[in-house]
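The numbers here are math on the coordinates, done by the rules we state, and not lab data. Here the structure is a predicted model, which is why all the values come from computation and not from measurement. Because the Cβ atoms are built from the backbone with ideal geometry, glycine has one as well, and the counts that use them run over all protein chains shown.
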Amino acid sequence: MPAGQVVERGADDLAAWTFSRSDSAPHLSGDRPAEFERDLRALLRRISPDGRFAEHLAATRGMIWRPPRREG
């Protein structure tokens, strides 16, 4: 699929993306997911006080698999 576009993301988008990843899902922050999110948002504010971030979209490959036909 085509790539190369640059899209703008906000802090809410980045927080949601972070929590959607299996290696940083909310259950991995134990009994403190709210503290993790607070710290994440504070870091994002330090990086970009206006809350705007740019993402360069990478290419995505789509693959379709079909089982072999049965003879018979």
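At-a-glance table
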{"read-out": "Helix-only mean residue ellipticity at 222 nm for the chain, each DSSP H run of n ≥ 4 adding -39500 (n - 2.57), per residue, nearest 500", "value": "-11000 deg cm²/dmol"}
{"read-out": "5 angstrom amide H check on Ser48, placed H, neighbours 5+ away", "value": "none"}
{"read-out": "In nm, spacing of pseudo-spin labels at Ala54 and Arg70 (7 Å Cα→C-beta vector)", "value": "5.5 nm"}
{"read-out": "Charge tally in the Cβ shell below 15 Å around Ser48, where Lys, Arg are +1 and Asp, Glu are -1, Ser48 excluded", "value": "0"}
{"read-out": "Which label in (i) 33; (ii) 55; (iii) 41 gives the computed percent of Cα pairs over 19 Å apart", "value": "(ii)"}
